[in-house]
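In what follows, a structure is listed as structure tokens, so that the remarks can point back to it.
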Amino acid sequence: MALSYLLNQLRRLRRDERGATAVMMGLLAIPLVGFMAVGFEVSNWYMITRSMQNAADAAAVAAALNGGSTYAVEAQDVAATYGFVNGQNNVTVTVTQVTNTTLGPSNTPGPNNLFCPNLPAGAVCYNVAISGYTPLLMSQVVGYQGNANISGALQKQLAASAMATPGTQQAKLCLMALGKTQPQDIRTNGSPTANLNGCNTLSNTAAQCNGHNLGAGTSFAVGANNGCGVQQATIPQPAPDPYAYLAVNNASVLGSAGLSASHCNGNYPQETGKNKNISGGYNPPTPTWNVSAGNNFFCGDV
């Protein structure tokens, strides 16, 4: 009796298809959950990396626009506004000023050797690299262990970088110091009433403005650049003298003789200066007119 009942139950179970899909779903649940976990995790990584890239782009542009000695601080401040603060939450914001060199067999682009793309040797650009970590959320379901371990927690390291070069927009100058021998071609002490009304200045050596920025816009200087102008920018080499052509024999400009020291008989009267280091000292205060070969030459400060 018992055997007959057992056989009947087995025959009924063989024909019963209820729960068949549950078995299949159970088997497929593992890869399905794995795919969902990876998709969610990768999407999260993409969003964080996208934010990093936006921050790096903005920071690189800020460094290139600043161009002065504070370019790194400027770039890191901009990156911080995007939520990536250097030194906090395992975030690193590295700002590098890159000067192009000539490429060769022993000097080629690489991950640790930065170059300004599509620019000649000597060109300057600014590279900003942002890196950080994010904890693993669901990707461990499929066995992914990340690429970092911080304080025992598995992490995924993410990074982004950007490079920018200063533009070539022309800047109008109202003050040019073209000397090349003085330590500071532009130096002021106080000058509280000076007002260049936002006009730019240029020094072929260093520039130092103590107590007042002269009301200048941007101060360009080859060397150290402190206190002059609203912002400071370093230029790689001295600017040429725009009036140098007047000092050569140019018949079309000044006649056959050109302009030379002989026209002023060796005297170039200068106004009285308070800086004892002014080269040339103090000459007679009255400028003179010299006439030579039909040309009039004004000798002295105006």
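Relative to a virtual label point 7 Å from the Cα of Thr70 in the Cα→beta-carbon direction, which members of segment 168-197 show backbone nitrogen distances below 12 Å?
Under cut-off, by backbone N: nothing.
What FRET efficiency do you get for Ala159 and Ala239 if R0 is 41 Å and r is their Cβ-Cβ distance, rounded to the nearest 0.05?
0.55
Most exposed first by the Cβ proxy, i.e. fewest other Cβ within 10 Å, how do Cys116, Cys209, Cys228, Cys199 rank?
Ordered by Cβ neighbours within 10 Å, fewest first: Cys199, Cys116, Cys209, Cys228.
Quick one: what do you get for segment 173-234 if you divide its Cα Rg by 2.2 N^0.38 Å?
0.95
Can you work out the FRET efficiency for the pair Leu119 and Ile30, with r the C-beta to C-beta distance and R0 = 51 Å, to the nearest 0.05?
Here the calculated transfer efficiency is 0.45.
Once label points are set 7 Å from the Cα along Cα→Cβ at both Val142 and Leu175, what is their separation, rounded to one decimal in nm?
Distance between label points: 6.4 nm.
Would you order Leu214, Leu173 from fewest to most other beta-carbon atoms within 10 Å of each residue's own beta-carbon?
So the ranking, lowest neighbour count to highest, is Leu173, Leu214.
Could you tell me how far the Cα centroid of segment 1-76 sits from the Cα centroid of segment 220-236, in Å?
52 Å
Skipping prolines and chain starts, which residues have an amide H placed within reach, meaning under 5 Å, of the one on His212, given they are 5 or more residues away or on another chain?
Those qualifying (amide H under 5 Å, at least 5 residues apart or on another chain) are Gly190.
Testing the spin-label approximation: label points 7 Å from Cα along Cα→Cβ at Thr49 and Val23. State their distance in nm.
The modelled label-to-label distance comes out at 4.2 nm.
Quick note: the coordinates plus some simple rules give every number you see, no bench work behind them. Being a predicted model, the structure only gives us computed values, none of them experimental. All Cβ positions, even for glycine, are placed from backbone atoms using ideal geometry, and neighbour counts span all protein chains on display.
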